[in-house]
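K.L.:
Have a look at the structure that comes next, please.
The values are calculated or read from the model by the stated rules, or taken from the named source; none is laboratory data. Fair warning: this is a prediction, and the values are worked out from it, not measured in the lab. Cβ atoms come from the backbone with ideal geometry, glycine included; neighbour counts cover every protein chain shown. All accessible areas refer to the heavy atoms of the entire protein, side chains included, with ligands and DNA or RNA removed. Shrake-Rupley method; radii C 1.70, N 1.55, O 1.52, S 1.80 Å.
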Amino acid sequence: MGQYDFDAPVDRRGTDSLKWDVAENELPMWVADMDFKTAPEIIAAINKRLEHGVFGYADLTDEWYEAYQKWWRERHDFDIDRSWLIFSTGVIPSLSSIVRKLTTPNEKVIIQTPVYNIFFNSIVNNGCRPLESPLVYKEGQYSMDFEDLEKKMSDPQASLMILCNPHNPVGKLWDAETLSRVGELAKKYGVTVVSDEIHCDITKPGKSYIPFASVSETCKNISITCIAPTKAFNIAGMQTSAVVVPNQFLRHKVWRALNTDEVAEPNSFAQVVTQAAFNQGGSWLDEMREYVFTNRKIAEDFVEAEIPQLSIVKGEATYLLWIDISGLHKSSEEVAGFIRKQTGLYITEGIEYGEAGRYFLRMNVACTRATLMDGLNRLKKGILELNL
């Protein structure tokens, strides 16, 4: 038994929760936030700040910089120079600002599908076009298609790539060799790589991710990295993140972009939660990972035994299951819609992540074991009824 209780249910209905704003009979296992309370150390830090009672404009402190530097050095073996760090209210605001600043309308931004659906929004909403380089899916595993990626990078209209590291939704930890090859191609064709690394701390126990900028001097010089404590510690509503830009020229552009879009100032709690997470939250995070990856294993075993028409892609990162439904010969919209209507289980259709996700579903297992089993039984019921 660990120090923290992840089996304790938290009623999130009626709390302005995006995830839980559903009908009474519905079970939401879609959007990527967790049903666990954040680390008690973070709650204590918020309470202490709250008791002060004054919530005026905040300025960045030395402790904020040091918290990021210490965490990445100790957890991910990557030394981040203080000057590389820029505060931002979130990874998505950062991505959108960067797309807006580093492209002109009608240019192309490379993404590797199936990939986090909001990447499409950040690109399209800024007048650009997503240029998909689909990942290769073979024997239940994903890899990059370097022949296709080079073809896409060589397009003179494509000067930006958004990398997902670790990859959401497929749960892939990219290795150093793969990331190095991306960097070399990007340098060859003058492409800047924006690496979204928000899921980096939710990895299988014993496994760590590799920061893109840490792989080589090339990767360091052509990259912009978006990081945050928000996904790992379930504090997304606190609006806090950082952008790491080692290259001075790129850093100035990103700094201007974030300031122009007014997403570069912290609220009264942004630094408080970041410092508490990175300085005191390590034990909670490690126990959460154990719990979540046990949930993943339970789900994999359940699907294999009870719903053999489906298979779960073996992932080493994120609390998101990527479920292969190709054996049903029906698209993800139809399957997800039917399951929700028949059982109340609300999970995400894979087509949201690009054409490469048409025959997949995404399911969030960052929940209590009781909720997980309820969700898996509903999934089974829905699939059985679909096949009748």
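K.L.:
Could you grab me the full set of residues in the stretch 118-141 that are assigned to a loop (DSSP other than H, G, I, E, B) and within 20 Å of A158 (Cβ to Cβ)?
P.N.:
Passing the criteria: N125, N126, G127, C128, S133, P134, L135.
K.L.:
Next question. Condition first: in a loop (DSSP other than H, G, I, E, B) and either more than 29 Å from Y319 (Cβ to Cβ) or open to solvent by 60 Å² or more (accessible area, probe 1.4 Å) (or both). Now tell me which residues in the stretch 224-265 satisfy that.
P.N.:
Across the stretch 224-265, the qualifying residues are Q239, P246, N247, D261, E262, A264, E265.
K.L.:
Mind checking which residues of the stretch 145-183 are crowded, with 21+ Cβ neighbours inside 10 Å and part of a loop (DSSP other than H, G, I, E, B)?
P.N.:
N165, P166, N168, P169, V170, G171, W174
K.L.:
Related question: Only one of A336, A356 is within 20 Å of A32 (Cβ to Cβ) and open to solvent by less than 10 Å² (accessible area, probe 1.4 Å); which?
P.N.:
The match here is A336.
K.L.:
Limited to the stretch 266-277, what total is found for residues that are open to solvent by 10 Å² or more (accessible area, probe 1.4 Å) and either under 19 Å from the mean Cα position of the chain (by Cα) or not hydroxyl-bearing (S, T, Y) (or both)?
P.N.:
Going through the stretch 266-277 one residue at a time, the tally reaches 6.
K.L.:
Would you check if V136 is farther than 24 Å from Q248 by Cβ, open to solvent by 40 Å² or more (accessible area, probe 1.4 Å), aliphatic (A, V, I, L, M) and touching a strand residue (DSSP E or B) at 6+ places or on another chain (Cβ under 6 Å)?
P.N.:
Taking the combined requirement at face value, the residue satisfies it.
K.L.:
Another question, if that's okay. Within the stretch 313-342, restricting attention to residues that are of a type in the set (S, T, N, Q) and in a loop (DSSP other than H, G, I, E, B), which residue is nearest to G206 (Cα to Cα)?
P.N.:
Restricting to residues being of a type in the set (S, T, N, Q) and in a loop (DSSP other than H, G, I, E, B), the top hit is T318.
K.L.:
A further question follows. Give me a count of the residues in the stretch 290-339 that are free of Cβ contacts under 8 Å to residues at least 24 places away in the same chain and of a type in the set (K, R).
P.N.:
1
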